[in-house]
1. Can you give me the solvent accessible area of F479 with a 1.4 Å probe, rounded to the nearest 10 Å²?
2. For the range 279-373, with every protein chain kept in place, what is the accessible area per residue (1.4 Å probe, Å²)?
3. By per-residue mean of other Cβ atoms within 10 Å, what is the highest-first order of 398-411, 557-570?
4. Once you have the Cα-Cα distance between N602 and I42, take 0.36 nm times their residue separation minus that, and quote the gain in nm to one decimal.
5. Which value, to two decimals, describes the C-alpha radius of gyration of the range 264-388 once divided by 2.2 N^0.38 Å?
6. Taking the Cβ-Cβ separation of K305 and E67 as r and a Förster radius of 56 Å, what is the calculated FRET efficiency to the nearest 0.05?
7. Might you work out the accessible area of D76 for me, using a 1.4 Å probe with all protein chains in place, and round it to the nearest 10 Å²?
8. Quick one: if you stick a label point 7 Å off each Cα along the C-beta vector at E324 and N355, how many nm between them?
Amino acid sequence: MAENEDLEQQEIQEELTLKKSPNDFLKAVIGQHVKVRLNSQIEYRGVLAVIDGYMNIALEETEEYVEGQLKNKFGDCFIRGNNGPLTGSHLFEGVSMERSKSALKRDVLEQKNEIGPKLVIIMVGLPARGKSCGLDVCKKLCRYLSWLGFNTVVFNVGNKRRVMGSDFEASAENTVLGLGLSEELPKLTITSENDQQLPMRTSSPSQIGGTQHDANFFDPKNDSAKKWREMLATETLEELIYWLNHGGKVGILDATNSTIERRKVLCERVAKEKQMRIIFIESICTEGPILEENIEMKLSGPDYKKMERNAAIADFKARIAMYEKVYQTLGEEEEAMDVSYIKIINIGKKVITHNIHGYIQSQCVFYLMQLNIKKRTIWITRHGESYYNLDQRIGGDPPLTDNGKKYGVALGKFLKNYYVERKSEKKCQKNKQIMEGKLARTYSSPQMTDDNFGTSGNEELINVWTSTLRRTIETVESFDEQHFAVVNIKFLNEIYAGIFENLTYNQVKERDPVEFKARADNKLNYRYPGAGGESYVDVIERLRPLIIELERMECDTIICTHNVVMRTLVVYFLGLELKEMPNLNVPLHTVYKIEPTPYGANLTKYFYDVDADNFTVIQ
Ligand code: F6P
């Protein structure tokens, strides 16, 4: 051990004295607190997220200091380098070289954005096929990959089109030549789906009853508009590539990309980048109701929301017809080029894949195969109060306090009432439909159920999943067997705190202040020492199959689990940023009702008041 520590010290010294190359030094300081001083003496302090050999820098949790005074705080901040090669480490004052044992052991999970090729996902498909409206494959995939820890952003060509206006004939020549990224900082703010604040560019849109671009704009014979649309797509791809070269891992280009000609241009451009792969994802919908639903959702989108409904439907259908004239599905051409692709037909009913490479691509395939738009509810709660909660003791397998037991009983009643009411509502609706002749009376034999993971096989019962720890099992102990089927799943156990299991936070701090600080400094990646010790990222990894299952299942599920697991699941369903996960407030005695939607999820929180013995909705 002593020998190892000596070695580590030696390595740090080497980095400090720059015996290694500057790049090695920089790799070692990623994730550390740094100060970046500009020639103007303005100083930016924050956590170093990205740096390249040209001193382009991205900081997180950034503070801006002018003459030593704190002037601004930013979330993320990009600092453009001077385009000159890296000259030394003088900019990195204050880089702390005191690192704990745990922080030095960087797991591969922590480096997933730094190692291996980057991925360009190019969406393909006619409008209203669920790429970015209705089912919203782009957003869902982005949410899943981000949750897995890959820096993922959607770049939407439609957003760029709307921002750029419709004065394309006049400005096409200038713009095609004049928007080079070398001129300005990345224009991520223009097209990134993840960024809500889109700065409007000046243009003179001639609005056509609410839409800047009516169906004629999409006519393949409209040469100038076509040129403009191609430019928008390649320009958006440039932004995507820029972002991948500056810390991104996966970029999703959201557009129709419906011709082989367009796809070839995109492939050729990406091929110029080292370490970047392409995968096409095509969404095809042939079933009427799905298509109608998607068209319906498009009407409330930015192109049509101000337009009279019938005019909007007519225009959108005309636009689709324009695309249909030239649309070419993925196939032999792409296969001849050896390109990877996934075709999703009718929301995952059929999935065709070609030449799938690597972990991220296979995650995409697996995830997209589970797509499901059936309405369902997922309830998530922590266990009732345990004896360890009283003195902030971590891990272990403690029993519930009296208040904790009371919560369990009340929760069982609350959920039973909810489902009894719902069943009777459904029955009423069905009877009404039968009376009105809209539904035939059926005398069906019992239906075969799916072999769903974690279900009883009885469709009448609601599934309740707990961990295998005593405090969750006790919480659901009183649930009525007539309505609920309980299964215990080890995946749902609390984060395992290794050698610190059963200690209070204060005891951990006293016994090992270095480890305590290492966790506080990087809670997401910090892995508890000792056999089986876990980090938040480890918990995400073990919950991955469960998320896939929850995406696939069409029935309601109630999950009774623990603090970290609940944080992890909530971040996934609500599409929150990973960095929020370790400190997300998920209080005891509060049950979250999550209703997945095609584009995300709706959340309602019910808080249990022990004294009043009732549940109330909270914000
Ligand atoms: O305190 C309850 C608990 O579930 C512990 O068992 C667990 O270690 C802890 O919460 C996790 O919270 P945090 O990651 O904030 O320490």
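1. 20 Å²
2. 48 Å²
3. The densest-packed peptide leads the list: 557-570, 398-411.
4. Net length gain for the segment: 197.3 nm.
5. 1.46
6. 0.75
7. For D76, the solvent-accessible surface is approximately 100 Å².
8. 3.1 nm
The values are calculated or read from the model by the stated rules, or taken from the named source; none is laboratory data. If you're wondering where the values come from, they're calculated on a predicted model, not measured in any experiment. Positions of Cβ are generated from backbone atoms using ideal geometry, with glycine treated the same way; all protein chains shown enter the neighbour counts. These accessible areas exclude ligands, DNA and RNA; they are computed on the full protein's heavy atoms, side chains included. Shrake-Rupley method; radii C 1.70, N 1.55, O 1.52, S 1.80 Å.
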